[in-house]
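Enquirer: There's a structure below that I have some questions on.
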Amino acid sequence: MEPILFLITIFLGFAFSGKCSDVYSRNDFPEGFVFGSGISAFQWEGAVDEDGRMPSIWDTYVHSRKLFHKAKVRVRIHRVLKCFLGFNLNRVFLNDAEAGPTGDVACDGYHKYKEDVRLMYDMGLGALRLSISWPRLIPSGRGPVNPKGLRFYKNLLNELTRHGIEPHVTLYHDDLPQALEDEYGGWIDRRIIDDFTAFADVCFREFGNTVKFWTTINEPNMLAWGGYDLGFMPPKHCSPPYAMVKCSRGNSSTEPYIALHNMLLAHASTSRLYKQKYKDKQNGSLGITCYAYWMVPLTSSGEDEIATRRAKDFYLGWVLHPLVFGDYPDVMKRIVGKRLPSFSDEESDLVKDSFDFLGIIHYTTMNIAHLSTSRQGDFTSDMNASMSNFGKSTFVTIDVLPWGLEGVLEYIKQNYGNPPVYILENGRPTNHHSSLNDVGRVEYLHAYIAAVLNSVRNGSQTRGYFQWSFMDLYEFLNYNYTYGLYYVNFSDPERKRSPKTSALWYSALLKGSMVSSQVAKNLSVSSSPGYASQ
């Protein structure tokens, strides 16, 4: 144990030897409950043009970002992001260079993975959520496997398991091979189902003896809404009058629904493949994620309460309802009508129960209000509900609202049969150039992990919690607001990593210490090894 961690443990033992409502340890969780952290390939690896990797839709998108610096477009994007995410565009983009930062180098994890795994091991991390870059493993999207990409992932996974860290692998974390987007439009064409299943087949065959937890697709509801309706995410499909940006292709009225429909079918096809060919031999499990705001009525009016139920059906039920019941929520079918794809009987049977667990991605809670207008035509207007930040939260300054995560877990328990759940992302951003003494992040993590414990005690089958993210990553087109337990100096060619206070706090939890929301106030990274002034 490092000296600083020894001192933390001693301090915690004295300070919280008595009973206190917000004190807990990992021993209070059920046996086998997993604590981890997360990264993703595009945000961490870098090396975008090395060893045979080809571009993804994220590479194409971030290299064409002059659009964000055009005033009219910036204002339009700002209005929508502020409404739905509390995202202050000016604070994020105005200081960027003309073309904006990219993920070309990111954390340089492709070259520094051994160093990073060692940091995880020293922290006491039991599991890591990571993703496989499709364009690194199969550069053209289909066809030959890239031997250097294959070797990298085998080396990374072996390094993790050698250090006792369980890999939880996401097959698709938003980085579709650009070749498939160019060929047929990616997720809006049913050909993607076979191509994704073939990609997954390679991953199961090559990595399945090491990987026991697979997630197929990351947050399909957010990808469909942001990438095929509003256009602020790749592949930037959208159309007026619904779009936030000027898109060269797309149809905001139909493509969000088509894209998510094909994601569900690709997930279900992959699940069937895994069950038929690999599950018995590899003894693993497979799931899919859902981006899950908790939602509460803005007022006590009946209209706002109905709008909140409708928003939950649209935003959560869009993904969860087909997985559990084999079809979309009735309210979506009624409002969207023929624009909403339908499942054949065979497809319904394929999608229903096509998961061993659900991955939940949760950061904050939103207020929901009924819209007085009844315009329909895209996902946002079909939902006919406005989202606004609860309290003082924004996209980059999230209030501590742990009851929101409890609300999500209780909603899933009550409405979707209480399936096994893993919290695969939860965290709080801070300005990347602020102090390493991130007390606010510690308070957030402590409160939300306590909320998970409350949910488990109330019968939720939540089986794991993954903090986002292990280190500062390339986040939403910039490096200005990051979630990492470790600070990464992106100005340093070596991308030096330095622990934040949250890293010390999470390590104390992982190693069995009692923790409290007050602990962070008594810790200081300035006394820890590796501190680097910002």
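The values are calculated or read from the model by the stated rules, or taken from the named source; none is laboratory data. The structure presented is a predicted model; accordingly, all values stated were derived computationally and were not measured. All Cβ positions, glycine included, derive from the backbone under ideal geometry; neighbour counts span all protein chains shown. Accessible surface is based on the protein model in full, side chains and every heavy atom, while ligands, DNA and RNA are left aside. Shrake-Rupley method; radii C 1.70, N 1.55, O 1.52, S 1.80 Å.
Enquirer: Based on what the data block shows, is Asn458 at negative phi, over 19 Å from the mean Cα position of the chain (by Cα) and surrounded by fewer than 24 Cβ atoms within 10 Å (Cβ to Cβ)?
Expert: The answer is yes for Asn458.
Enquirer: Hey, can you tell me all the residues within the stretch 494-503 that are crowded, with 24+ Cβ neighbours inside 10 Å and not in a loop (DSSP other than H, G, I, E, B)?
Expert: Matches in the stretch 494-503: Pro499, Thr501, Ser502, Ala503.
Enquirer: Is the stretch 47-67 home to any residue that is surrounded by fewer than 17 Cβ atoms within 10 Å (Cβ to Cβ), at pLDDT below 95 and basic (Lys, Arg)?
Expert: There is at least one residue in the stretch 47-67 that is surrounded by fewer than 17 Cβ atoms within 10 Å (Cβ to Cβ), at pLDDT below 95 and basic (Lys, Arg).
Enquirer: Residues of the stretch 1-43 being crowded, with 19+ Cβ neighbours inside 10 Å, assigned to a loop (DSSP other than H, G, I, E, B) and at pLDDT below 95, which ones?
Expert: Phe16, Val23
Here is a yes/no grid of residues against (1) under 26 Å from Tyr61 (Cβ atoms); (2) of a type outside the set (Phe, Trp, Tyr):
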site	(1), (2)
Ile398	yes, yes
Pro419	no, yes
Leu436	no, yes
Phe470	yes, no
Tyr474	yes, no
Thr482	yes, yes
Leu485	no, yes
Glu494	no, yes
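Enquirer: Can you report the number of residues in the stretch 466-481 which are open to solvent by less than 10 Å² (accessible area, probe 1.4 Å) and farther than 21 Å from Ala127 by Cβ? Show your work before the answer.
Expert: Of all residues in the stretch 466-481, those open to solvent by less than 10 Å² (accessible area, probe 1.4 Å) come to 466-474, 477-478.
Filter once more, so that each one left must be farther than 21 Å from Ala127 by Cβ: 474, 477-478.
Here the count works out to 3.
Enquirer: Another one. Spot the failing condition for Ala268; the list is (1) touching a Leu at 6+ places or on another chain (Cβ under 6 Å); (2) open to solvent by 30 Å² or more (accessible area, probe 1.4 Å); (3) of a type in the set (Gly, Ala, Ser), and only one is missed.
Expert: (2)
Enquirer: Follow-up. Do any helices (runs of 4 or more DSSP H) entirely within the stretch 133-241 hold 3 or more residues that are of a type outside the set (S, T, N, Q) and either closer than 25 Å to Asp49 by Cα or open to solvent by 40 Å² or more (accessible area, probe 1.4 Å) (or both), and if so, which? Outline the logic, then answer.
Expert: Numbers: elements: 134-137, 147-162, 178-184, 191-207, 220-225.
Hits in the stretch 133-241: 134-137, 147-162, 178-184, 191-207.
Quick grid of which residues meet (1) open to solvent by less than 20 Å² (accessible area, probe 1.4 Å); (2) out of contact with any strand residue (DSSP E or B) (no Cβ under 9 Å at 6 or more places or on another chain):
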position: Lys275; (1), (2): no, no
position: Gln282; (1), (2): yes, yes
position: Leu286; (1), (2): yes, no
position: Val296; (1), (2): no, no
position: Ser301; (1), (2): no, no
position: Ile306; (1), (2): no, no
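Enquirer: While we're looking at this one, here's another question. Could you go through the stretch 115-129 and let me know if any residue there is surrounded by 15 or more Cβ atoms within 10 Å (Cβ to Cβ), modelled with pLDDT of 95 or more and among the β-branched types (Val, Ile, Thr).
Expert: Yes, the stretch 115-129 contains at least one residue that is surrounded by 15 or more Cβ atoms within 10 Å (Cβ to Cβ), modelled with pLDDT of 95 or more and among the β-branched types (Val, Ile, Thr).
Enquirer: Could you tell me whether Ile449 is open to solvent by less than 10 Å² (accessible area, probe 1.4 Å), farther than 21 Å from Ile288 by Cβ and outside any loop (DSSP other than H, G, I, E, B)?
Expert: So Ile449 fits the description; yes.
Enquirer: Also, quick follow-up: Just the residues that are surrounded by fewer than 21 Cβ atoms within 10 Å (Cβ to Cβ) and over 24 Å from the mean Cα position of the chain (by Cα), please, taken from the stretch 242-253.
Expert: Lys246, Cys247, Ser248, Arg249, Asn251, Ser253
Enquirer: Could you say which residue among Gly326, Gly417 is surrounded by fewer than 16 Cβ atoms within 10 Å (Cβ to Cβ) and either small (Gly, Ala, Ser) or modelled with pLDDT under 90 (or both)?
Expert: Gly417
Enquirer: Could I ask something else about it? For the stretch 159-167, state whether one or more residues are closer than 29 Å to Phe232 by Cα and out of contact with any Phe, Trp or Tyr (no Cβ under 8 Å at 6 or more places or on another chain).
Expert: Of all residues in the stretch 159-167, those closer than 29 Å to Phe232 by Cα come to none.
So far as the stretch 159-167 goes, no, none of its residues is closer than 29 Å to Phe232 by Cα and out of contact with any Phe, Trp or Tyr (no Cβ under 8 Å at 6 or more places or on another chain).
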